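I'd like to ask some things about the structure below.
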Amino acid sequence: MEEYRNQTLPFDPVLVSDLLRTMAHPMRLRMLQLLILNRYNVGELAKVCKIQNHMASEHLRLMQRSGLLSSQREGRKIYYTVTNSGVIELLRCIAGYGIKAETNFEHGTIPGQD
C-alpha cells in the first residue's frame, strides 16, 4: 500500500471532476445501478425509476455526453447500458465502502427530495 502513496495517479482532475459531478445525483446513480445489470430504453428506465420520460431522457443525455453510457439503436428505440469498466469499478468501490442504502426507489423517494 505504501508504494502507491508516492505515485501520482494518471488522470486529468478536470475531466474526473466533470465525470463525478455528472454522477453526483441520486437518480443518475440509481440509473447507473440498473444500467450496469441490463440495458434499458428511456421509457423502461423512466418506469422503473418512477420518473417522467423527459426527465429520464435528460439524465441519460448527460451521462452519455460524459462517457458513462453507450447506446444502441434498435428500430425507433435506443437502448442504453454502462460499458465503461472504470465506471463499473468505481461504483463497486463505492458499494464496498460501507454506505448503506437509504433510498426507497420502489416507492419513488429519495432522501432530501420532497
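Take the residues of the stretch 68-97 that are open to solvent by 40 Å² or more (accessible area, probe 1.4 Å), assigned to a helix (DSSP H, G or I) and of a type in the set (A, V, I, L, M, F, W, C): which is nearest to ASP18 (Cα to Cα)?
LEU90
Another question, if that's okay. Residues that are among the basic types (Lys, Arg) and farther than 15 Å from ARG30 by Cβ: does the stretch 45-53 have at least one?
Scanning the stretch 45-53 turns up no residue that is among the basic types (Lys, Arg) and farther than 15 Å from ARG30 by Cβ.
Which of the numbered conditions does ASN6 fail, given that it passes all the others? Conditions: (1) of a type outside the set (Lys, Arg); (2) at pLDDT below 85; (3) surrounded by 15 or more Cβ atoms within 10 Å (Cβ to Cβ).
(3)
Restricting attention to the stretch 19-32, report how many residues are part of a helix (DSSP H, G or I) and either among the aliphatic types (A, V, I, L, M) or more than 12 Å from MET63 (Cβ to Cβ) (or both).
Restricting attention to the stretch 19-32, the residues satisfying the condition of being part of a helix (DSSP H, G or I) are 19-23, 26-32.
If we keep only those that are either among the aliphatic types (A, V, I, L, M) or more than 12 Å from MET63 (Cβ to Cβ) (or both) as well, we get 19-20, 23, 26-27, 29, 31-32.
The number of residues fulfilling the criteria is 8.
Report the residue count in the stretch 34-67 for those that are in a helix (DSSP H, G or I) and touching a Gly at 6+ places or on another chain (Cβ under 7 Å). Show your work before the answer.
Residues of the stretch 34-67 in a helix (DSSP H, G or I): 34-37, 42-49, 53-65.
If we keep only those that are touching a Gly at 6+ places or on another chain (Cβ under 7 Å) as well, we get 53.
Of the residues in that region, 1 qualify.
The values are calculated or read from the model by the stated rules, or taken from the named source; none is laboratory data. Just so we're clear, the structure is a prediction, and the values are computed from it rather than from any experiment. Glycine gets a Cβ as well: all are built from the backbone with ideal geometry, and neighbour counts include every protein chain shown. Only protein heavy atoms, including side chains, enter the accessible area calculation; ligands, DNA and RNA are left aside. Shrake-Rupley method; radii C 1.70, N 1.55, O 1.52, S 1.80 Å.
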